[in-house]
Amino acid sequence: MRIGVPKEVKPQEFRVGITPAGVHVLSAAGHSVWVERGAGLGIDFTNEMYAQAGATLVDTAAEVYDCPLVVKVKEPQAEEIPLLKKGQMLFTYLHLAPAPDLTAALLKAGIVGIAYETVTDDNGGLPLLIPMSEIAGRLAIQAGASALEVTHGGRGVLLGGVPGVSPAEVVVIGGGVVGTQAARMAMGLGADVTILDVSLNRLRVLDDLYGPRLKTRYAHPYAIRELAERADLLIGAVLLPGKKAPKLINVEHIRTMKAGAVLVDVAIDQGGCAETSHPTTHAEPTFLVDGVVHYCVANMPSACARTSTLALTNATLPYISQLAEAGTDALSPKNPGLLNGLNVCSGNVTHPSVANSLGYPYLPPTEAIALMKKGF
């Protein structure tokens, strides 16, 4: 199969869909990988490296989008939508629940849209989201520590403090992959860290892992308000797979926070978990609301794009190989994890959470694939 890898066009997005090593694996299996020139230059994956790995280098995105399978990192941007083909497989992060316009465009295009973030493993985990969640959680602390500096609008607090001066108070809402990695990084820098979650079992696991170094609280509204008021750095790390993030941090919480405190809303690519959040870019990552610095970059892992691309390809390559070998036949009840990744197909929404979030009728993925094969 021909597999297309375009250069990402989202602002400050330097990741690429497949590494040269991934191209080598696919080429050795007999597939043809078409890579747009310059796709990996931002992270020192040169055109020569891709060519040596077996890729066919092409000059335009249109040539890439002529392939039956397109593999990328971020959701299609406005200039990419007209390049999509009916029945084409698109394998990427989609995050459709907070994106009605994009969803409508993909449905009109009639593509087979498989979202990294809803592919599941045998245990119900999210194997293609985990690598970026790990990176985003760790980056949240780096970004938050930087935003706390006076020169970046913060209150001038060092996360770890110094002898004789208390460390910063870091509050993490959400005890999943992002939240755990954020808490781990913050503790490593010496901060005073509290993590909240609605799962007592998850809080027990975290308590067993980190002991008294990490404070745990049940995430009811009273606790969120109390801890937000005290926080120097507040991390929003909430995820409901395929759905919009719940707005757990409201306007009143922000108003009670200290002047110059920082909110990092890692859930922003699913709509954000704070009422005051809106997406930002790496070029202009922060804004102020009621004196609180908001960091809401929707593609945080691109700040460490080389690490992110390597980690992402490690996770996605087995699935890319399955799609390249079997095409849409790989999306079958015999392969339920990959089938769960199907979000749109033949003009239908095929993921229940996306359908529920946007008000579309839900068509089970197997039925949508059957319609597609019949030519509907």
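The values are calculated or read from the model by the stated rules, or taken from the named source; none is laboratory data. Quick caveat, the model's predicted, so the values are computed rather than measured. Because the Cβ atoms are built from the backbone with ideal geometry, glycine has one as well, and the counts that use them run over all protein chains shown. Only protein heavy atoms, including side chains, enter the accessible area calculation; ligands, DNA and RNA are left aside. Shrake-Rupley method; radii C 1.70, N 1.55, O 1.52, S 1.80 Å.
Please list the non-local residues whose amide H lies under 5 Å from the amide H of I3, H modeled 1.01 Å from N, same-chain partners needing a gap of 5 or more.
Amide H neighbours of I3: S32, V33, W34.
Counting each DSSP H run of 4 or more residues in the chain as -39500 (n - 2.57), what helix-only mean residue ellipticity at 222 nm follows after dividing by all residues, to the nearest 500 deg cm²/dmol?
That calculation yields -10000 deg cm²/dmol at 222 nm.
Provide Rg and Dmax in Å for the stretch 234-326, with only Cα atoms included in the calculation.
Computed over the Cα atoms of the stretch 234-326, radius of gyration and Dmax are 16.4, 56 Å.
Summarise the accessible area of the stretch 1-89 (1.4 Å probe, protein heavy atoms) by the percent that is carbon and sulfur.
Answer for the stretch 1-89 is 56 percent, counting heavy atoms of protein chains only.
Full-extension gain between A51 and T281, please, as 0.36 nm times their residue separation minus the C-alpha to C-alpha distance.
79.6 nm
Could you tally the net charge around L310, taking each other residue with its Cβ under 12 Å from the Cβ of L310, Lys/Arg +1 and Asp/Glu -1?
+1
How much area per residue is accessible in the stretch 120-212 when the probe is 1.4 Å and only protein heavy atoms are counted (Å²)?
46
Give me the dipole magnitude in Debye, nearest 20, for the chain about the Cα centre, with unit charges on the beta carbon: positive for Lys and Arg, negative for Asp and Glu.
460
Given K74/K373; K108/K374; K334/K374; K85/K334; K7/K243; K243/K334, which pairs have Cα atoms separated by over 23 Å?
K74/K373; K85/K334; K7/K243; K243/K334
Given the stretch 205-346, what percent of its DSSP beta bridges are antiparallel, to the nearest 5?
Here the antiparallel bridges make up roughly 30 percent for the stretch 205-346.
How many angstrom lie between the Cα centre of the stretch 347-374 and the Cα centre of the stretch 58-119?
16
Within the stretch 311-376, report the trypsin sites (Lys or Arg not before Pro) that DSSP leaves as loop and that have at most 11 other Cβ atoms within 10 Å.
Qualifying residues, ordered by number: K334, K374.
Looking only at the chain, where both bridge partners belong to it, what percent of the DSSP beta bridges are antiparallel (to the nearest 5)?
20
Is the stretch 337-376 rounded, prolate or oblate when judged by the Cα gyration tensor, a ≥ b ≥ c being the square roots of its eigenvalues, rounded requiring a/c under 1.5 and prolate requiring a/b larger than b/c?
Since a/c reaches 1.5 but b/c is at least a/b, the shape of the stretch 337-376 is classed as oblate.
Please give me, ordered by residue number, the chymotrypsin sites (Phe, Trp or Tyr not before Pro) of the stretch 52-155 that lie in loop per DSSP and have at most 16 other Cβ atoms within 10 Å.
Working: sites: Y65, F91, Y93, Y116; in loops: Y65, Y93.
Passing sites in the stretch 52-155 do not exist.
Mind running the shape call on the stretch 255-376? Use the C-alpha gyration tensor, a ≥ b ≥ c as the square roots of the eigenvalues: rounded below 1.5 for a/c, prolate if a/b tops b/c, oblate otherwise.
Values: a/c = 3.73, a/b = 1.87, b/c = 1.99.
Oblate is the answer for the stretch 255-376, as a/c is 1.5 or above yet b/c matches or exceeds a/b.
Less than 26 Å apart at the alpha-carbon level, and either on another chain or at least 8 residues along: which lysines does that give for K215?
Those lysines meeting the cut-off are K247, K258.
Show me the ranking of peptides 282-289, 170-177 by mean Cβ neighbours inside 10 Å, starting with the highest.
Details: 282-289: 14.6, 170-177: 26.0.
The packing order, highest mean first, is 170-177, 282-289.
List every residue whose amide H lies under 5 Å from the amide H of V292, counting only residues 5 or more places away in sequence or on a different chain, with H placed 1.01 Å from N in the peptide plane.
G260
Using the Kyte-Doolittle scale, which helices in the chain average at least 0.5 and also have C-alpha atoms spread 24 Å or more along the helix axis, with helices defined as whole DSSP H runs?
Span-like helices here: 130-147.
What residues qualify as long-range amide H neighbours of V349, i.e. H under 5 Å apart, gap of 5 or more or another chain, H built at 1.01 Å from N?
L363
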